[in-house]
Amino acid sequence: MLSNDFDGVKIGLEIHCQLTALNTKMFCNCSSDYRGKPPNTLLCTVCTGLPGALPVLNKRALEAAIKIGLALNCKISNNSNFFRKNYFYPDSPKNYQITQYDKAGGEAIANNGTVETNLGSVRITRIQMEEDPGKLQYEGSITTSSNTLIDYNRAGISLVEIVTEPDIVSPKHAREFLNTIQSIVETIGECDSKLDGSMRADANVSISDGRRVEIKNISSFKEVERALNFEITRQKTIQAASKMETRHWDDVRRVTVTLRVKEDEEGYRYFPDPDLPPMNISENYIDEFRQSLPELPDKRLKRFTKEIKLSEEIARILIRNKIVADYFEETLTHEYNPKLLSGWIATDIMGYLNRNNVEFSDLPIESKALASLAKSVSDSKINDSTAKAILLKSLSSGTTIGDLLKSELDNLVSFDDLPKIIDTVISDNPKALEDAKNDSQAIHFLIGQVMKVTKGRANHSKVKELIETKLK
Ligand SMILES: [Zn+2]
């Protein structure tokens, strides 16, 4: 689609982030380490909602939610509380979900934030704390499966739900925003987004005066962009959606399908959870977290562009992933050559990893090794393009940079032998020397002669430097 095909498009997102740094569930002591465990083994009376069982809020969940709220520039509520959202669906063993609400006296933990992206800022309506439901599993696709399996190990896992205003203007903007949120929660260390299902998004989209359509259960950011592109084309084709509805993204068939025509909020019969008292959160308590926040991606971006003098384009690529930005800074501690190192990481290395579907965290090159390659360039032992060739060869062959660099240097004529070779070339070409004194271009003839004599094994920049000294 062309960019003006997105005129009048308004997209809002609801992002569920599991608080993966927590050891136990949100309101009980069951382990939150549910991935790969036998189904229905991490359960207790609280997370299955047996009569008389009382939930107690996990303090760490509150701390994590406050930190995320502050990082997204939200106002933290001093009187936040929990509500019950009642619904009858097999993913909830107790027929309600403990969550937060923004009406009827309800107050989410964080409100009114804003997040900058390079495609425009997005307002955060609120961040609410809630528990994850259980997991339904289908044989094949949700639309064709004849039966449903239920695993409640996930029921009661701590989540924050980040709700945005409909400020997002295109599917690409949505993806960019999700990347920004991911980078922020990774930096805070409360959500490991690499864990399967730890970050999930629902999107709502409307075009001009059409009704709002919600797309549920989108599993990855790439799928968000795809699902939105599909849904916008679908809505444009049918002249804007005529009914408010919830659609499911079928990522196998790559289409959205009607899940249900949207229930009214009244259908959920929200009411304050009588088992959980309101939280009184003092400004002093909030301030403690404000003081201890780590350097967030937008601040890091400014430092990379202002202090380290990277181009904004390169800096943005680096800060988008905390692991990448950390790696870059680690290389600088060994060899301070930010321009060279940032370029290699942001273009050569990340390009290679993308093409081969490898995560940056699995990069087989240690920061120290990459720094040593940069140092060889700074010391004029090899030139930039030789270094890049070594880097790419190391990535594709698995041979270490150290070994490749050594064989490259062993093959070069030593710097000590170069002056003698240059003297011979100059005395054999007296006219070229005279030409070079008047015409800076003529120096290339002399360099070419040296490369010919050494069969290309001389260091190009060193040869140039030595001849230039001779000319003076
Ligand atoms: Zn439990």
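The values are calculated or read from the model by the stated rules, or taken from the named source; none is laboratory data. This is a predicted model, so every value here is computed, not measured. Ideal geometry is used to build each Cβ from the backbone, glycine not excepted, and the neighbour counts take in all protein chains shown.
Listed here are the residues, each with its yes/no results for (1) assigned by TED's automatic domain parsing to the domain that holds Ile467; (2) among the β-branched types (Val, Ile, Thr); (3) over 30 Å from Ile365 (Cα atoms).
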| site | (1), (2), (3) |
| --- | --- |
| Ile390 | no, yes, no |
| Ser394 | no, no, no |
| Gly398 | no, no, no |
| Leu404 | no, no, no |
| Asp423 | yes, no, yes |
| Ile426 | yes, yes, yes |
| Asn429 | yes, no, yes |
| Leu433 | yes, no, yes |
| Ala436 | yes, no, yes |
Scan (1) within 16 Å of the ligand (Cβ to nearest atom); (2) part of a loop (DSSP other than H, G, I, E, B); (3) under 30 Å from Lys299 (Cβ atoms) for the single condition Asn73 breaks and write down its number. (1)
Working only within the range 20-40, note down all residues that are more than 11 Å from the ligand (Cβ to nearest atom) and more than 22 Å from Lys194 (Cα to Cα). Asn40
Within the range 288-345, considering residues that are outside any helix (DSSP H, G or I) and of a type in the set (Lys, Arg), the one surrounded by the fewest Cβ atoms within 10 Å (Cβ to Cβ): Lys309
Within the range 33-63, residues in contact with a Gly (Cβ under 9 Å, 6 or more places away or on another chain) and over 17 Å from Pro93 (Cα atoms) come out as Arg35
Take the residues of the range 91-126 that are of a type in the set (Val, Ile, Thr) and crowded, with 17+ Cβ neighbours inside 10 Å: which is farthest from Ile66 (Cα to Cα)? Thr117
Could you list, in sequence order, all residues of the range 425-445 that are more than 15 Å from Lys464 (Cα to Cα) and either assigned to a helix (DSSP H, G or I) or in contact with a strand residue (DSSP E or B) (Cβ under 6 Å, 6 or more places away or on another chain) (or both)? Ser427, Asp428, Pro430, Lys431, Glu434, Asp435, Asn438
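Condition check ((1) buried (at least 18 other Cβ atoms within 10 Å of the Cβ); (2) over 19 Å from Cys191 (Cα atoms); (3) β-branched (Val, Ile, Thr)) across all residues:
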site: Val9; (1), (2), (3): yes, yes, yes
site: Cys17; (1), (2), (3): yes, no, no
site: Thr20; (1), (2), (3): yes, no, yes
site: Val46; (1), (2), (3): yes, yes, yes
site: Leu50; (1), (2), (3): no, yes, no
site: Phe83; (1), (2), (3): yes, yes, no
Top-ranked residue in the range 55-70 [being among the hydrophobic types (A, V, I, L, M, F, W, C) and either at pLDDT below 95 or in contact with a Leu (Cβ under 9 Å, 6 or more places away or on another chain) (or both); ranked as nearest to the ligand (Cβ to nearest atom)]: Val56
List the pairs whose first member sits in the range 37-64 and is at negative phi, whose second member is within 14 Å of the ligand (Cβ to nearest atom) and of a type in the set (Lys, Arg), and whose Cβ atoms are under 6 Å apart, counting only residues at least 6 apart or on separate chains? Cys47/Lys25
Kindly indicate which of Ser146, Ser141, Ser170, Ser183 is assigned by TED's automatic domain parsing to the domain that holds Lys10 and free of Cβ contacts under 8 Å to residues at least 40 places away in the same chain. Ser146
Turns out the strands (runs of 3 or more DSSP E) fully within the range 112-217 with at least 1 residues that are among the basic types (Lys, Arg) are 122-131, 135-138, 199-207
Looking at Asn86, is it more than 14 Å from Val160 (Cα to Cα), modelled with pLDDT of 95 or more, away from the ligand (no atom under 16 Å from the Cβ) and assigned by TED's automatic domain parsing to the domain that holds Ser282? no
Scan the range 373-390 and tell me whether some residue there is at pLDDT 85 or above, surrounded by fewer than 20 Cβ atoms within 10 Å (Cβ to Cβ) and more than 30 Å from His444 (Cα to Cα). no
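Yes/no per residue for (1) out of contact with any Lys or Arg (no Cβ under 6 Å at 6 or more places or on another chain); (2) farther than 30 Å from Cys44 by Cα:
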| residue | (1), (2) |
| --- | --- |
| Asn78 | yes, yes |
| Glu131 | yes, no |
| Arg154 | no, no |
| Leu178 | yes, yes |
